[in-house]
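Have a look at the structure below, then the notes.
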Ligand code: SF4
Ligand code: SF4
Ligand code: SF4
């Protein structure tokens, strides 16, 4: 898990407000929540003295900015998943949305499942249903807590 302090250390720390936020720490939190982009800190991009910090920040945030990460920060490591389905039946939203499938220990049948196993590997299919999605997010961890092989993580 990347901390806001780690991100902050790679920002200019001048609190210039050009990113639209009052402090660099607020911007660090915004970057982690993906409400802000690195490019919103224009001093970091435009001033040569911040070149190393910019490179460090891009490297630190690469997992969050990668195409593999969903909007909730969920990353699935398919090479670690063996398709046991624990996460699918442990997800409270899957259970609530799918009384005839997941809720009775079967594969999802409702078409609204967040997680489902396909070809032996779990997939995130309806990320917008996840309790971590959107401004009212709840830090649910039922899927990662029940995975025996750490194939799911939130970054
Ligand atoms: S623009 Fe960059 S340096 Fe200025 S307050 Fe925002 S994060 Fe800090
Ligand atoms: S975080 Fe919670 S709601 Fe989201 S997929 Fe995992 S178990 Fe389901
Ligand atoms: S992610 Fe983990 S819990 Fe889910 S199917 Fe794969 S191995 Fe099982």
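All of the numbers you see were taken from the coordinates with simple rules; none came from a lab. Computed from a prediction, not measured in an experiment: that's the story for all the values here. FYI the Cβ positions are ideal-geometry reconstructions off the backbone, even for glycines, and counts take in every protein chain you see.
If the Kirkwood radius is taken over C-alpha pairs of segment 4-65, then at 20 °C and 1.002 mPa s the Stokes-Einstein diffusion coefficient equals 190 µm²/s.
Taking other Cβ atoms within 10 Å as a rough exposure proxy, 3, 110 sort from fewest to most as 3, 110. Relative contact order, whole percent, for segment 74-154 stands at 36, derived from Cα pairs under 8 Å and 6 or more residues apart.
The chain gives an Rg/Rh value of 1.09, both radii derived from C-alpha positions and Rh following Kirkwood. Put in order of Cβ neighbour count within 10 Å, fewest first, the listed residues 106, 132 become 106, 132. Sorted from longest to shortest, the spans of the Cα atoms of segment 74-154 along the three principal axes equal 31, 28, 18 Å. Secondary-structure-derived ellipticity at 222 nm for the chain, considering helices only, amounts to -8000 deg cm²/dmol, per-run term -39500 (n - 2.57) for DSSP H runs with n ≥ 4.
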